[in-house]
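Structure first, then comments.
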Amino acid sequence: MRMRNGLEGVGAALLLFPYFLSFFHPENHELYHHGLSVTHLIGGLLVDLLGCSILVTSLLVAVQHLRPSLRRVSEGIFAGLMLWCIADFTFQILMCLHYPFASPSRVWAQTAIAIPLLAGVLARFFPSYTTPAVRAVRLAVAAFAFSALWIVPQLIHLALARQPSVWAASIAPADYSGSGSKPRIIWILLDELSYDQAFEHVASGIQLPNLNGLRSRSVSFSKLKPEGYTTDRIIPSLFIGRHIDRFRSTIYGDLSYWDESQHRWSAYDANATLFGLANRSGWKSGIDGWYNPYCETLASVLSARYRNPGIVFVPMEEYGASEDKSVLANAAILPDEFVAALAHSKKITADEHMQAYLDIMAHTQALIEDSQLSFVFLHLPVPHPPGIYDRQRHMLPRMSRL
């Protein structure tokens, strides 16, 4: 019986701390965008899985010594919690595989308390009906523990094999200086800006003099059709000049795409992009932006580069974990944020968005002023929500942490 309790403890830990799912995305989406090693993040997760396994196993063993009525209630509560975790785990897998499911809401998170309590009440007053169900759920949890034989070695391999990508060594801004009189192209992408709302049908009471001034001095192309819906597909497609629906990455951040004409996966070739063309033409190119790992994908054809992720991709980072922290520090963070983790309610805040904007703008200004760079691409995190501009005062609000 105690051996089964141990298996249940391991299975419960995997269900309660499902953060490892982000490391097993079929297309390595999170790892591709993360761009850094994940040794300390995975180390903290493994410590939490071990600690949770021991704790749950100990509790299940202790429950066996309670009087029958309390034991049934306790086992019912445990089974109810595990049933919720199984459902939540399934939702996350389906979302990871791009099934059209919405993220769990706060109402769904609150059922993490309601379902176990209801299961405990039913186990207390209707044991003949609930006992078989409790046994079935616990058996499923124990069976799920065997997946650790695959999950844990894969996590260890990933923690040891993945190293910081090329852009991580280029974080410090270079000495962008020089002079020149050659023609220059500065391509600015304003993330989620509506051209119609900004220029064609501006709402009453809104004035955008700087955007209007930029427009008057720029080249505008109309009747363009986007290559897709998401940033990680649109921009690589735009750079290479062909419609691409599917991208994937290795755990090391090497990007490839599905070639419909050849029906196979092909490596994304930086030399085939606009920046490759500029490089062959003797132009020096620079990039500054967020979200997409430009410096990984285009490093061989860029003269100056900087990329601020601007958003967390590994769910553990939403709750304060970081590769900059130690394994034990990361392990201590996750249990403290367990309630928030169940709620899936932590999103990028306005302060974090503001910091990303200020960080990127510092390098953006330097790239613009470097006349040695003939082709500059700037992917700015505005007006992408959450909003960071106060239209009433016409200024960026002060960050609460500054």
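The numbers here are math on the coordinates, done by the rules we state, and not lab data. Note that the structure is a prediction, hence the values are computed from the model and not measured. Backbone-built Cβ (ideal geometry, glycine too); neighbour counts: all protein chains shown.
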- Task: Distance from a point 7 Å along Cα→Cβ of L224 to each backbone N in the stretch 183-206: keep the residues under 17 Å and list them by number.
- Result: 185-200
- Message: Can you compute the modelled spin-label distance between A329 and L55, with each label point 7 Å from Cα toward Cβ, in nm?
- Response: 2.1 nm
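Can you pull out the chymotrypsin sites (Phe, Trp or Tyr not before Pro) in the stretch 208-267 that DSSP calls coil and that have at most 14 other Cβ atoms within 10 Å?
On the way: sites: F221, Y229, F239, F247, Y252, Y257, W258, W265; in loops: F221, Y229, Y252.
Those satisfying the criteria are F221, Y229, Y252.
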- In what sequence do H263, H384, H157 fall when counting other Cβ within 10 Å, fewest first? H263, H157, H384
- Would you please give the residues with an amide H less than 5 Å from that of I185, counting only those at least 5 places away or on a separate chain, with H modeled from the backbone geometry? F375, V376
- Item | Residue-by-residue Karplus 3J(HN,Hα) for the stretch 268-283, coefficients 6.51, -1.76, 1.60, Hz, glycine and proline x | 6, 9, 4, 5, 8, 8, 4, 6, x, 4, 4, 5, 5, 8, x, 8
- With a point put 7 Å past each Cα toward its Cβ, work out how far T111 is from M361 in nm, to one decimal. 4.3 nm
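Quick check on the exposure proxy: order R4, R72 from fewest to most C-beta atoms within 10 angstrom.
Working: R4 15, R72 22.
So the residues, fewest neighbours to most, are R4, R72.
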- Per residue of the stretch 19-30, in order, report the coupling 6.51 cos²θ - 1.76 cosθ + 1.60 (Karplus, θ = phi - 60°) as ³J(HN,Hα) in whole Hz, putting x for Gly and Pro. 5, 5, 4, 5, 8, 10, 4, x, 9, 6, 4, 5
- Is the stretch 1-103 rounded, prolate or oblate when judged by the Cα gyration tensor, a ≥ b ≥ c being the square roots of its eigenvalues, rounded requiring a/c under 1.5 and prolate requiring a/b larger than b/c? oblate
